[in-house]
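**Student:** Structure provided below as structure tokens; questions to follow.
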Amino acid sequence: MQNINSFVVVYILNNHSFHLYILICSMMEQNSKSFAIPRCIPFLSHSHSSSIYFITTFATLLVLVLLQIQVLTSSVSTCSLSWPFFDQALHRDESSIHTDLGRARSMLRDSVTFLPLKDLRFANEPMSGHTWFMSSMNDTFEGDETQHLHFPSEASKGRLLCLSAGDTSDGTKNLYALAWPEALPHDATLFPGLTFVSDTYYDYGNLWHGTSAILPFVSWHQKKECAVPDRWVLFHWGELRTSMGAWVHNLTRAAIGEVRIEDLRGHGGAGPACFEKAVVFRHNEGAMKKQRRREVYDMMRCKARAYCGVTRAIMDPKAIRMTLLLRLGSRSFKNESTVIRIFEKECANVDGCVVKVSWGNNMTFCDQVKLMSETDILVSPHGCQLTNLFLMDKNSSVMEFYPKGWQELAGVGQYIYSWMANWAGMQHKGSWRDPHGEECPHTDKLACFLFYKDAQIGHDEARFADWAAKVLGEVKEMKSSVASRGNTSKS
């Protein structure tokens, strides 16, 4: 059995007095049923004089140690941080700890500061930088995505987004704040799950404006493993909105999932609404890169066709399908029948060409999805119905028409469908601008634009015929080339 040697001296502190216990341990060594004298007791194995010397020396050292300990004990007893103080700090009762935590939580709750959703200090540049919506918050950038806000996050220091925002006509009366999950504002209602929060400078009814507003959410949804929000909260200029246009609503549902729009005016609580998780977009497509936009438009096209049960029809690969998507009222053609006749005549000169004529106002969302899936050339006046262009097959063509006055007065917004065609992988084949019409009676540019904005569009039969023939020829050549490549690959 292995030798075990020890010499232990233990001092025990009790009521500021010390008791000395000297434990002289013995060593037990089994050897032929006998025990050896332990080496740890030297005075049993030396001479009598040596033992006396050892005991005297040990006693002297012991006295010195005890005197030093007594001095230290006296110093500690006079110190303001007494032993009972430490004992009290280490053994505080649980109720007092809870009281202090409650006091700290109350202080955090009272420190929550609500600010206006719409900050009029930035009214001159409402869409720039941090915008006038939640202006105290700086955006997060993730790769090629649109800049956005995310709560809770490192940028929010783990705090949640809270809104007190039921006003539908004045965004300065609607408020926002950040709060710790453990210290939400008084009377707050916590909404579990994921919330999409959108603010747009435009609206959610117009096809183009609505698509521009939801597109960054579609992109985020795709990048985040198809995360579906439990609710949407919509704002325009910081003013609460509780609905989308039917077309925009259906596109959102097709691309992301069920759309539940929260009405903060009746959420069931008198206080603010706080959200367990929230994603905020306030720039529409914003800084999203071109390639990423194309990927998102591709996904929305695919999801919309699946949502509407549209399948690719088997057809002659050289067939050319031309659609005239017309308007009623503002920016409609003055003489629709003549315009239709011109394009039908040019189409008849090309083998395999067919013309369809439709009006966007009398079609459902799925009607429009199906029509665009059967269109190679889209002929249409400038207007929100052109938003459907991304639903065509890629590399399809667009021909656009404007009333008088737009080129000089409309600004860069007149080019949105040219940009959209490029982002979605289509070919914008140019525009025709009506040079004829009444002269503006105003001197102010804005007043003149409003005068021309919704005017009807005339026609130029020779120009329309030449333009249609040119586009038809280009599409025919492209389709023939694709068909030839397909036949070559099969052989």
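The values are calculated or read from the model by the stated rules, or taken from the named source; none is laboratory data. Not measured: the values here are computed from a predicted model. Backbone-built Cβ (ideal geometry, glycine too); neighbour counts: all protein chains shown. Side chains included, ligands, DNA and RNA excluded: accessible areas come from the protein's heavy atoms. Shrake-Rupley method; radii C 1.70, N 1.55, O 1.52, S 1.80 Å.
**Student:** So how far apart, in nm, are the two label points at Gln291 and Leu450 if each is 7 Å from Cα heading toward Cβ?
**Tutor:** 4.5 nm
**Student:** For Lys157, list the lysines whose Cα falls under 20 Å from its own Cα; do not include residues on the same chain fewer than 8 positions away.
**Tutor:** Lys277
**Student:** Okay, moving on. Go through Met244, Gly286, Ala319 and say which Cα lies farthest out towards the positive end of the charge dipole of region 215-328; charges sit on Cβ, +1 for Lys and Arg, -1 for Asp and Glu.
**Tutor:** Ala319
**Student:** Before anything else, pin down the relative contact order of region 110-291: Cα pairs under 8 Å, at least 6 apart, normalised by residue count, whole percent. Before the final figure, lay out the partial values.
**Tutor:** Details: 390 pairs, mean separation 57.9, N = 182.
RCO, region 110-291: 32 percent.
**Student:** Excluding same-chain residues fewer than 8 positions from Lys453, which lysines have a Cα within less than 20 Å of its Cα?
**Tutor:** List returned: Lys334, Lys404, Lys445.
**Student:** Please report the spacing between the Cα centers of region 452-467 and region 246-306 in Å, no decimals.
**Tutor:** Cα centroid of region 452-467 versus Cα centroid of region 246-306: 37 Å apart.
**Student:** For region 104-240, build the charge dipole from Cβ charges (+1 Lys, Arg; -1 Asp, Glu) around the Cα centre, then report which of Tyr201, Ala213, Met107 sits farthest towards its positive end.
**Tutor:** Of the candidates, Met107 comes out farthest on the positive side.
**Student:** Pop the C-beta distance of Asp351 and Ser136 into the FRET formula with R0 = 51 Å and round what comes out to the nearest 0.05.
**Tutor:** Computed FRET efficiency for Asp351 and Ser136: 0.20.
**Student:** Charges at C-beta only: +1 for Lys and Arg, -1 for Asp and Glu. How large is the resulting dipole of region 142-185 about its Cα centre, in Debye rounded to 20?
**Tutor:** Working: 3 positive and 7 negative charges, 56 e Å.
Magnitude of the dipole: close to 260 debye.
**Student:** Also: Using r as the Cβ-Cβ distance of Cys366 and Ala313, and R0 as 22 Å, what FRET efficiency do you calculate, to the nearest 0.05?
**Tutor:** Numbers: r = 15 Å, r/R0 = 0.70.
With R0 = 22 Å, the Cβ-Cβ based efficiency is 0.90.
**Student:** Next up: Roughly how big is region 353-491's charge dipole about its Cα centre, with Cβ charges of +1 (Lys, Arg) and -1 (Asp, Glu), in debye to the nearest 20? Numbers along the way, then the final one.
**Tutor:** Numbers: 14 positive and 16 negative charges, 135 e Å.
That gives region 353-491 a dipole magnitude of about 640 debye.
**Student:** Hey, which of these cross-link pairs are over 28 Å Cα-Cα: Lys223/Lys429; Lys356/Lys470; Lys303/Lys356; Lys356/Lys479?
**Tutor:** Numbers: Lys223/Lys429 33 Å; Lys356/Lys470 19 Å; Lys303/Lys356 24 Å; Lys356/Lys479 19 Å.
Violating the 28 Å limit, Cα to Cα: Lys223/Lys429.
**Student:** Apply 1/(1 + (r/R0)^6) to the Cβ-Cβ distance of Asp393 and Val228, taking R0 = 25 Å, and write down the FRET efficiency to the nearest 0.05. Could the numbers behind the result be given before it?
**Tutor:** Values: r = 28 Å, r/R0 = 1.12.
With a Förster radius of 25 Å, E is 0.35.
**Student:** How large is the accessible surface per residue of region 110-291, computed with a 1.4 Å probe and reported in Å² as a whole number? Don't jump to the answer; show the numbers that get you there.
**Tutor:** Numbers: 7620 Å² over 182 residues.
I get 42 Å² per residue for region 110-291.
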